[in-house]
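As structure tokens, the structure follows; a few thoughts come after it.
The values are calculated or read from the model by the stated rules, or taken from the named source; none is laboratory data. All figures in this text were calculated on a predicted structure; none of them were measured in a lab. Every residue, glycine as well, gets a Cβ built from its backbone with ideal geometry; the counts of neighbours run over all protein chains shown.
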Amino acid sequence: MAFFESVPEEQIPPQVKELMEYARRRGKAGQIGPIFYALAKYPRLIKAVVQASDELIPIPNRFGAAQGVAGMLISHGRKCGPCFDAQRKFLLKLGFDDAALDKMCELPSTLPLPERDRRFVEFTLRVALDPGGLKLEDFREMERAGFAKDELLEMIGVAAFWNFMTTMSSAVGAGSREE
């Protein structure tokens, strides 16, 4: 028996259903992950996930598809299958093809994106996977490349969101598996 049980749709409180539907619409992948059903008994956690998404990844956002690519690569790097699959599905809807997405995962340095988007993805990925390795010079270099301080803070927010989601999804997912 799983440690965290998925709540059946008919037992989900109305306020949680609203939040889940909002997350489904906002995510643009057409579905929400199983984490939402495992968290459905805990409205404050569902609300925290939705609020984190709204606050750290605003819609519309200034980084467009690059933000989705960053989310996919962070999910890949942190080995979160559900997050990776959702971001990949989102990117396929935007017109990316499977081969390009596979290549991005294998070799992120070959991102087929405009220079500014590529730098956004590379920096956000680095923030997510090695924040302790950042140096003041990294920020200065991004500033020289034309990024404003508020944009850099937004990149940090995107990295923080995906670290949050991959941790929640992976840990809750592990507790939701049947043994």
### Task
Given the conditions (1) touching an Asp or Glu at 6+ places or on another chain (Cβ under 9 Å); (2) under 28 Å from Leu111 (Cβ atoms); (3) of a type in the set (Lys, Arg), report the number of the one that Lys79 does not fulfil.
(1)
### Task
Could you tell me whether any residue of region 91-99 is touching a helix residue (DSSP H, G or I) at 6+ places or on another chain (Cβ under 6 Å), surrounded by 18 or more Cβ atoms within 10 Å (Cβ to Cβ) and assigned to a helix (DSSP H, G or I)?
yes
### Summary
Taking region 135-179 and keeping residues of a type in the set (Asp, Glu), under 30 Å from Ile32 (Cα atoms) and either part of a helix (DSSP H, G or I) or touching a Leu at 6+ places or on another chain (Cβ under 7 Å) (or both) leaves Asp150, Glu151, Glu154
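Across region 29-49, what is the number of residues that are in contact with a Lys or Arg (Cβ under 7 Å, 6 or more places away or on another chain) and of a type outside the set (S, T, N, Q)?
Of the residues in that region, 2 qualify.
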### Message
With the requirement that a residue be among the β-branched types (Val, Ile, Thr) and out of contact with any Pro (no Cβ under 9 Å at 6 or more places or on another chain), what does region 147-162 give you?
### Response
Val158
### Task
Select, from Phe139, Phe96, Phe84, Phe147, the only residue that is within 16 Å of the chain's Cα centre (by Cα) and either at pLDDT 90 or above or not assigned by TED's automatic domain parsing to the domain that holds Glu55 (or both).
Phe84
### Message
Checking the condition small (Gly, Ala, Ser) and without any contact (Cβ under 8 Å) to a residue 40 or more places away in the chain, which residue from Gly64, Gly33, Gly68, Gly77 passes?
### Response
Gly68
